[in-house]
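The structure appears below as structure tokens.
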Amino acid sequence: MTSSLRDALGAPDPRFDMTLPDGWVRMDASDASREALLARARARFLSAQRPDLWAQVRASIQRAFDELRRVRGEAIMLQLESREGAPFVPASITATILADHGLDGHMAQLIADGATALEGDRRFVRSESTDEVTQDGVRLGVTTVRYFTPVPGSRRRRALALSAVMPHPPGIDPEDRLLAATKLLIDAHVGTLRWRRADASA
């Protein structure tokens, strides 16, 4: 099916698969999913007497779902469990489709602003930023890594945007070991993204 015919008929974009780190899940963008995640995370971290991690996880979940609502996103991916002795990573990835006839120009501007290919994988343009937010009176730093890749068959008029959100203490060293390891982990798993064939089952 051509891009113009796909647009005219409102045909759905192909779905994508991506290998997730251990303990991560992929969910839809509904309010019910958000509330279920918040309840599960709150019970987990308060029972473990880790209100500090609960604050970070809550910020990550709420920020991710807010972003999904803003851009009419499709999915959220985040960690719910961790192996014994392994650190819990308060991060999330949201997925949405961008529809814009000027995507190539947008990609070019990102590169001009410092975005790069994903570890040599030229399917993706990767950009990174860090800012600070206040969540329920708690000041947090937030590092966001964004990945953009064209949707197959769209003639580069549509792109999949993945946004990885990583809350952390404000003023953290960008080379902090856990933050750096989290970014490397997410980079590696984003690189596993594959599009399903049009005739593949859901």
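Laboratory data are not the source of any read-out in this text; all were calculated from the coordinates shown. Predicted model only: the values in this text are computed from it and were never measured. Counting neighbours? That spans all protein chains shown, and the Cβs are built from the backbone with ideal geometry, glycine included.
Tabulated data
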item: Peptides ranked, highest mean first, by Cβ atoms within 10 Å: ranges 69-78, 162-171; result: 162-171, 69-78
item: Built amide H within the under 5 Å cut-off of Ala75, gap 5+; result: Ala95
item: Nearest 10 degrees, 0 to 90: helix 51-71 Cα axis against the chain principal axis; result: 20 degrees
item: Projected area, mean over directions - the chain, Cα convex hull, nm²; result: 12.5 nm²
item: Helix 103-112 vs. the chain, principal-axis angle (Cα, 0 to 90°, nearest 10); result: 50 degrees
item: Over the chain, relative contact order from alpha-carbon pairs under 8 Å, at least 6 apart, %; result: 24 percent
item: Dipole magnitude of the chain about its Cα centre (Cβ charges: Lys, Arg +1; Asp, Glu -1), debye to nearest 20; result: 560 debye
item: Rounded to 10°, Cα long-axis angle of helix 31-47 versus longest principal axis of the chain; result: 30 degrees
item: Once the Cα gyration tensor of the range 17-135 is diagonalised, semi-axes √(5λ) in Å; result: 29, 17, 14
